[in-house]
Amino acid sequence: MPKLSSLLIPVLVAASVAAHGFVHQFTVNGKAFIGNVPGANPSPSVIREITSQDPVKGAKNSSVTCGNDSTPGSLIANVNPGDTVTFDWRTASLGPWPHNTGPMLTYMANCGSTTCDKFDITKAKWFKIQQVGKKNDTTWFQADLMTGGVATATIPDTLAPGNYLIRHEIIALHLATSFNGAEFYPSCTQLQVGGSQTGGPKDSELVSLPGAYSDNDPGIFDPDVFNAGAPYTFPGPPIASFVTGSADGTVSPGTGNSTTPTSAQAPAASQTGSSSSSSGSSKSCKIKKRAASQDNTLFVRPRHVSRIMRRLGFSHDLPSRR
């Protein structure tokens, strides 16, 4: 009789190859905007459409800006400083996000006098507003997306009004023990920020993407990524100082603007453009739980299986090549 491992490994590899993802839904102030399934005939959306759910490979790849061959959406979401926004990451079949290792980062870029659906993203100058890493020595916040979570960020409290892109990015590191193994999943959403604040980044805090990362960066090529307690260095610039309130954009070590799990919350179902938006009061960055549905069944590891067999048979992110 074949060993259990020989039966499981081909299945795990096949699932690993097939399961990538995209931002299925962006939500602000209870209003949800649906993203287009990669490669589908586009419907009106605030989220730039991508051609494939596959990862962007290589830090210098032009698709690291907003995803694989991204094209503009036709809608703009209205937000205000202090508003909380969420990003619901799914597979192209709308199943749960498949990866659990690596950081999540949020950037913004000013589109100038034009709305961001007409902006040339190759000219974007990005500033970082959030970075989320590990909960503890062994668990990343990204893992919460596998069990119904949605990634959450806050529009900076003092951000000046204008046209902005917000770029949420997952860097999956389950293959990053090998050079060029990191997988980039960027997604860009088109915003118009209201209010009357005057805050913004310094010129020295602005970066180009691609350009801000190198394949040799310690947070991208990371031979110690599976070593419990190993420190992690976020790639890219520090969080902009006007966001953190510090002179150099520094935050507490380990997680950046860390996030904590909260109770389940199902987003609203609207996907039309917003004509007005009230300012949210929450300033924290959180992982919120998405209500489970029939097309998003969660996989639970049996408790009676040994630690070694759980890693072999039930891990979503074995460090093997695809």
Those residues of the stretch 51-84 which are closer than 21 Å to Ala212 by Cα and of a type in the set (Val, Ile, Thr) amount to Val56, Val64, Thr65
Counted residues in the stretch 74-94 being of a type outside the set (Asp, Glu) and open to solvent by less than 10 Å² (accessible area, probe 1.4 Å) come to 6
Taking the stretch 49-78 and keeping residues touching a helix residue (DSSP H, G or I) at 6+ places or on another chain (Cβ under 8 Å) and of a type in the set (D, E, K, R) leaves Asp69
Considering the stretch 26-51, residues that are touching an Asp or Glu at 6+ places or on another chain (Cβ under 8 Å) and polar (S, T, N, Q), and then whichever is surrounded by the most Cβ atoms within 10 Å (Cβ to Cβ), we arrive at Thr27
Sole miss for Val243 among (1) crowded, with 20+ Cβ neighbours inside 10 Å; (2) within 20 Å of the chain's Cα centre (by Cα); (3) closer than 27 Å to Asp69 by Cα is condition (3)
If we ask which residues in the stretch 118-138 are assigned to a loop (DSSP other than H, G, I, E, B), open to solvent by 10 Å² or more (accessible area, probe 1.4 Å) and either within 22 Å of Gly249 (Cβ to Cβ) or among the aromatic types (Phe, Trp, Tyr) (or both), their number turns out to be 2
ask   = Is at least one residue of the stretch 168-175 under 19 Å from Ser63 (Cβ atoms), modelled with pLDDT of 95 or more, in a loop (DSSP other than H, G, I, E, B) and open to solvent by 10 Å² or more (accessible area, probe 1.4 Å)?
value = yes
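The values are calculated or read from the model by the stated rules, or taken from the named source; none is laboratory data. Computed from a predicted model, the values in this text were never measured in an experiment. Using ideal geometry, Cβ is built from the backbone for each residue, glycine included, and neighbour counts are taken over all protein chains shown. When the accessible area is computed, the model is the full protein with side chains, heavy atoms only, and any ligands, DNA or RNA have been set aside. Shrake-Rupley method; radii C 1.70, N 1.55, O 1.52, S 1.80 Å.
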